[in-house]
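Accompanying notes for the structure given below.
The values are calculated or read from the model by the stated rules, or taken from the named source; none is laboratory data. Source: prediction; values computed, not measured. We place every Cβ from the backbone using ideal geometry, glycine too, and count neighbours over all the protein chains shown. Note: areas computed on protein heavy atoms with side chains; ligands, DNA, RNA excluded. Shrake-Rupley method; radii C 1.70, N 1.55, O 1.52, S 1.80 Å.
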Amino acid sequence: MPRGIARNHDEKRDALRKGAAAYFARHGFDRASMSGAAREIGISKALIYHYHDSKEALLFDILDTHLTELVAVVETAAPKGLRALITAILDAYEDADAEHKLQLESLTALPEEMQAPLLAAQRYLVEAMSAAIDAVKPGMDQDKLRAATMTVYGILNWFYMWHRPGKGLSRQDYAVLAADFVEGGLRQI
């Protein structure tokens, strides 16, 4: 008789994803191992394999969950405008530094069929930001709009690299500064 799903299945899987993301981000996905992840998280390698049949499947689960949550945040914030979108993305990045780093550095380690839905989610995020920018500065040519969109993501995506909680601006204060900077810059072009 097959075993049923444990009551805390989702919590265990979330904890596994979070711990593995931190381990992979710290050591580099290509150098990390499932044994090392298990040791770091404090679980058995067998438990990891209960949820994921390979290191790539685990990375996909981490990135898919991160991007799915980010897409949901963007879908909610985008209709409220550029400032709300910037703030919502920075809020969503909080406590997701490892996942974000993996998205930026390790997505290409996955086979193409695993990359495809993740890249589609990233394209959606870029399109949503482009639409918000276009609402502030309509009529920009496509090259400028793309450059402006990627500039905004540059401002947001690298925040985790230099920001230290409790020092300098808070995440919320930085969101205001970033939005002011972006809107002011858009008015000048």
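With hydrophobic (A, V, I, L, M, F, W, C) and within 30 Å of ALA15 (Cβ to Cβ) as the only criterion, which of MET114, MET150, MET140 stands out?
Numbers: MET150 fails: within 30 Å of ALA15 (Cβ to Cβ); MET140 fails: within 30 Å of ALA15 (Cβ to Cβ).
After applying the criteria, what remains is MET114.
Residue-by-condition table, conditions (1) under 27 Å from ALA131 (Cβ atoms); (2) assigned to a helix (DSSP H, G or I); (3) out of contact with any Asp or Glu (no Cβ under 9 Å at 6 or more places or on another chain):
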{"position": "ASP10", "(1), (2), (3)": "no, yes, yes"}
{"position": "LYS18", "(1), (2), (3)": "no, yes, no"}
{"position": "ALA21", "(1), (2), (3)": "no, yes, no"}
{"position": "ARG26", "(1), (2), (3)": "no, yes, no"}
{"position": "ILE62", "(1), (2), (3)": "no, yes, no"}
{"position": "HIS66", "(1), (2), (3)": "yes, yes, no"}
{"position": "VAL71", "(1), (2), (3)": "yes, yes, yes"}
{"position": "LEU85", "(1), (2), (3)": "yes, yes, yes"}
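Of (1) part of a helix (DSSP H, G or I); (2) at pLDDT 95 or above; (3) of a type outside the set (S, T, N, Q), ARG31 satisfies all except one. Which?
ARG31 satisfies every listed condition except (1).
Using the structure shown, decide if ALA92 is surrounded by 15 or more Cβ atoms within 10 Å (Cβ to Cβ), more than 11 Å from the chain's Cα centre (by Cα) and more than 24 Å from GLU56 (Cβ to Cβ). Walk me through it before giving the result.
Values: surrounded by 15 or more Cβ atoms within 10 Å (Cβ to Cβ): yes; more than 11 Å from the chain's Cα centre (by Cα): no; more than 24 Å from GLU56 (Cβ to Cβ): yes.
So ALA92 does not fit the description; no.
Matching residues to (1) among the hydroxyl-bearing types (Ser, Thr, Tyr); (2) within 17 Å of LEU59 (Cβ to Cβ); (3) surrounded by fewer than 16 Cβ atoms within 10 Å (Cβ to Cβ):
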| residue | (1), (2), (3) |
| --- | --- |
| ALA98 | no, yes, no |
| PRO111 | no, yes, yes |
| ILE133 | no, no, no |
| LEU156 | no, no, no |
| PRO165 | no, no, yes |
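Collect the residues in the stretch 135-152 that are open to solvent by 20 Å² or more (accessible area, probe 1.4 Å) and either among the basic types (Lys, Arg) or assigned to a helix (DSSP H, G or I) (or both), keeping them in residue-number order. Don't jump to the end; show me each part of the working.
Quick first cut of the stretch 135-152, residues open to solvent by 20 Å² or more (accessible area, probe 1.4 Å) only: 135-144, 146-147, 150-151.
The answer is ALA135, VAL136, LYS137, GLN142, ASP143, LYS144, ARG146, ALA147, MET150, THR151.
Working carefully through the options GLU113, GLU127, GLU105, GLU99, find the one that is under 30 Å from ALA32 (Cβ atoms), more than 12 Å from the chain's Cα centre (by Cα), among the acidic types (Asp, Glu) and assigned to a helix (DSSP H, G or I). Quick ask: steps written out before the conclusion?
Values: GLU127 fails: under 30 Å from ALA32 (Cβ atoms); GLU105 fails: more than 12 Å from the chain's Cα centre (by Cα); GLU99 fails: more than 12 Å from the chain's Cα centre (by Cα).
Only one candidate passes the filter, namely GLU113.
Go through ALA20, ALA38 for me and flag whichever is buried (at least 20 other Cβ atoms within 10 Å of the Cβ) and farther than 19 Å from LEU110 by Cβ. Spell out the reasoning first.
Values: ALA20 fails: farther than 19 Å from LEU110 by Cβ.
Criteria check complete, one pass: ALA38.
Would you pick out the residues in the stretch 120-160 that are of a type in the set (Lys, Arg) and in contact with a His (Cβ under 9 Å, 6 or more places away or on another chain)? Don't jump to the end; show me each part of the working.
Filtering the stretch 120-160 down to residues of a type in the set (Lys, Arg) leaves 123, 137, 144, 146.
If the condition is that a residue be of a type in the set (Lys, Arg) and in contact with a His (Cβ under 9 Å, 6 or more places away or on another chain), then no residue fits.
Of all residues in the stretch 6-29 being of a type outside the set (Lys, Arg) and over 19 Å from the mean Cα position of the chain (by Cα), which is farthest from THR65 (Cα to Cα)?
We begin by selecting, within the stretch 6-29, every residue of a type outside the set (Lys, Arg); these are 6, 8-11, 14-16, 19-25, 27-29.
Still in the list and also over 19 Å from the mean Cα position of the chain (by Cα): 6, 8-11.
Working: ALA6: 20, ASN8: 18, HIS9: 15, ASP10: 12, GLU11: 13 Å.
Only one residue tops the list, namely ALA6.
Within the stretch 41-80, take every residue that is of a type in the set (S, T, N, Q) and at pLDDT 95 or above and give me the one that is surrounded by the most Cβ atoms within 10 Å (Cβ to Cβ).
The first filter runs over the stretch 41-80 and keeps only residues of a type in the set (S, T, N, Q), leaving 44, 54, 65, 68, 76.
Narrowing further to those that are at pLDDT 95 or above: 54, 65, 68, 76.
Details: SER54: 11, THR65: 17, THR68: 13, THR76: 12.
Residue satisfying both the conditions and the ranking: THR65.
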